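**Q** Quick one: this structure, given as structure tokens, is what I'll be asking you about.
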Amino acid sequence: MDALPTVALERRSGLQYKVDFAPGMAALYTDATPPLGQAKGPDSEMLLMAAVGNCLAASLAFSLDKYKNESVNIKAVVGGAISQNDQGRLRMHSITVDIGLGAAASSLRFLQRALEQYEDFCVVTQSVRAAIPVTVRVFDSDGVLLTA
């Protein structure tokens, strides 16, 4: 098992926290959404959604690069839903990710292979999927749905 670098959090006020990742990296400020917080930064649910989206986009970029494609612009839009569990506590219910490629499918080398394997490279998404359904769709620059 490989240890990851630590992340340090320090309470600022209310439910606002300063998050320090590593020397040389900008701090991130988080907050809870109203009525508990003031929404002066992303909340925990948004951070989880961002982590899933980032991991998927980066994994797809890695997979496309592996097949010697030119650097392809990739954008991801991540949505989520929360619901109450049997005890009435809010929990993440689902995460949806739409990934847009900045190139037409026909211009990409070995696209089908890349699409078949990129999710397996994504540490965060595969870990989160053990508890939360994650749905991913990939579109090319013409809006053609490549995976669903």
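**Q** When S83 is evaluated against the numbered criteria (1) of a type in the set (G, A, S); (2) surrounded by 12 or more Cβ atoms within 10 Å (Cβ to Cβ); (3) in contact with a strand residue (DSSP E or B) (Cβ under 8 Å, 6 or more places away or on another chain), which criterion, by number, is the only one it fails?
**A** All conditions are met except number (2).
**Q** Go through the stretch 93-116 residue by residue and tally those that are farther than 23 Å from I82 by Cα and either in contact with a His (Cβ under 6 Å, 6 or more places away or on another chain) or exposed (fewer than 14 other Cβ atoms within 10 Å of the Cβ) (or both).
**A** Step one: filter the stretch 93-116 for residues farther than 23 Å from I82 by Cα, giving 100-116.
Add one more test, that the residue is either in contact with a His (Cβ under 6 Å, 6 or more places away or on another chain) or exposed (fewer than 14 other Cβ atoms within 10 Å of the Cβ) (or both), and what stays is 102, 104, 106-107, 109, 112-113, 116.
The number of residues fulfilling the criteria is 8.
**Q** Can I ask one more? For the stretch 1-100, which fully contained strands (runs of 3 or more DSSP E) count at least 3 residues that are under 17 Å from F139 (Cα atoms) and in contact with a helix residue (DSSP H, G or I) (Cβ under 9 Å, 6 or more places away or on another chain)?
**A** The qualifying strands (runs of 3 or more DSSP E) are 74-84.
**Q** Return only the number of the condition from (1) at pLDDT 95 or above; (2) closer than 26 Å to F110 by Cα that E70 does not satisfy.
**A** (1)
**Q** Within the group I132, I74, which residue is under 18 Å from the mean Cα position of the chain (by Cα), closer than 30 Å to R12 by Cβ and surrounded by 12 or more Cβ atoms within 10 Å (Cβ to Cβ)? Break it down stepwise before answering.
**A** Numbers: I74 fails: closer than 30 Å to R12 by Cβ.
Among I132, I74, only I132 is under 18 Å from the mean Cα position of the chain (by Cα), closer than 30 Å to R12 by Cβ and surrounded by 12 or more Cβ atoms within 10 Å (Cβ to Cβ).
The values are calculated or read from the model by the stated rules, or taken from the named source; none is laboratory data. On a predicted model such as this, the values are computed, not experimentally measured, just so you know. Backbone-built Cβ (ideal geometry, glycine too); neighbour counts: all protein chains shown.
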